[in-house]
Structure formats: structure tokens, C-alpha cells
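A.B. asks: This is the structure, below, for whatever I ask next.
The values are calculated or read from the model by the stated rules, or taken from the named source; none is laboratory data. Nothing here was measured: the structure is a model prediction, and the numbers come from that model. In this analysis, Cβ positions are derived from the backbone assuming ideal geometry, glycine residues included, and neighbour counts consider all displayed protein chains. Ligands, DNA and RNA are excluded from the accessible area calculation, which covers all protein heavy atoms including side chains. Shrake-Rupley method; radii C 1.70, N 1.55, O 1.52, S 1.80 Å.
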Amino acid sequence: MTTIFSKIIAGEIPSDTVYQDDLVTAFRDINPVAPTHILIVPNKEIPTVNDISEADEAMVGRMLVVAGKIAKQEGIAEDGYRLIINCGRDGNQEVFHLHMHLLGGHNLGPIIRRRN
Ligand code: AMP
């Protein structure tokens, strides 16, 4: 269950951490797909959205509050950005420690390509 994200949160491996508090940690994605690409991660090991419980509501709320704060810090709040949480195989989740992608810095286009 433990992933590389727990080691980043604990400061055991290097990362470009931009924010940390008692509930969440945010660090720059190692393989960015946009000028701003930051991962907002609960400090608690929760594999996927499916594993979130009512007891985690404060943490889930904090993830969104922190996303807004970081967007302002990054200077992308006004132009806009995208928040993504991938879940499981069909969601193409690669790291099974819950995380939210904060993407911005240029126009991101439509979120889902239509298959027409
Ligand atoms: P997901 O597909 O939603 O599970 O996304 C996982 C993300 O974690 C990918 O965008 C990776 O580039 C990113 N990632 C993997 N390892 C690291 C790392 N050591 N530091 C920062 N980001 C990472």
C-alpha cells in the first residue's frame, strides 16, 4: 500500500514540495504535462477515491482549499486551471496514493477527446 508519495511526504526522498500542513502535502509532478503541474496529496495513505470515508471529509475539503491557494501562488487563479483525480484502471491511475493534479499555465483544451 505504501507508495513513493509516502516517502515524499515524510521527506525521505527529494521533491519540489510547495505546501505541507497536518492533512495534505503538495509537490511538483516529476513529469509535468503543463507549465504548472502540482500534485495535492493527503498525508494519510488512502489508495483511491473509492477508499475515502466520512472520516476523511476534512482532508478532502483541505485538498480543494489548498488547490485554490496554490493556484493563486502560481499566478494561474485568474486565467483558470484544471483539477483531476484519476481513479483505478479505467481512470489510468498510476500511483495508488490518492492525489489531485493541479494543472494550468496555458489553455488545457477540452478535458475529454470526443470519439465521434
Ligand atoms: P496518476 O496517473 O494520476 O496516478 O498520476 C501519477 C503522477 O505522479 C504522474 O503524473 C507522475 O508523473 C507523478 N509522479 C510519479 N512519481 C513522482 C515523483 N517521485 N515525484 C513527483 N511526481 C511523481
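A.B. asks: If all Cα-Cα distances of the stretch 76-116 are sorted into 10 Å bins from 0 onward, what percent lands in each bin, rounded to whole numbers?
C.D. replies: 24, 44, 30, 2
A.B. asks: Quick check for you: with a 1.4 Å probe and neighbouring chains kept, what is the accessible area per residue of the chain, in Å²?
C.D. replies: Working: 7420 Å² over 116 residues.
Using a 1.4 Å probe on heavy atoms only, each residue of the chain averages 64 Å².
A.B. asks: For the chain, how big is Rg over Rh, using alpha carbon atoms and the Kirkwood form of Rh?
C.D. replies: Reported Rg/Rh (Cα atoms, Kirkwood Rh): 0.96.
A.B. asks: What value, in deg cm²/dmol to 500, does the helix sum -39500 (n - 2.57) over DSSP H runs of n ≥ 4 give at 222 nm once divided by the residues of the chain?
C.D. replies: My calculation for the chain gives -6500 deg cm²/dmol from helical runs alone.
A.B. asks: A follow-up question, please. Over the chain, with a Gaussian network built from C-alpha contacts below 10 Å, which listed residue (Ala71, Ala55, Ala26) shows the highest mean-square fluctuation?
C.D. replies: Ala55
A.B. asks: Based on the mean of other Cβ atoms within 10 Å per residue, sort peptides 86-93, 61-68 so the most packed one is first.
C.D. replies: Working: 86-93: 11.9, 61-68: 16.4.
Going from most to least packed, we get 61-68, 86-93.
A.B. asks: Select from the stretch 56-116 those GluC sites (Glu not before Pro) which occupy a DSSP coil region and have at most 10 other Cβ atoms within 10 Å, ordered by residue number.
C.D. replies: Those satisfying the criteria are Glu78, Glu94.
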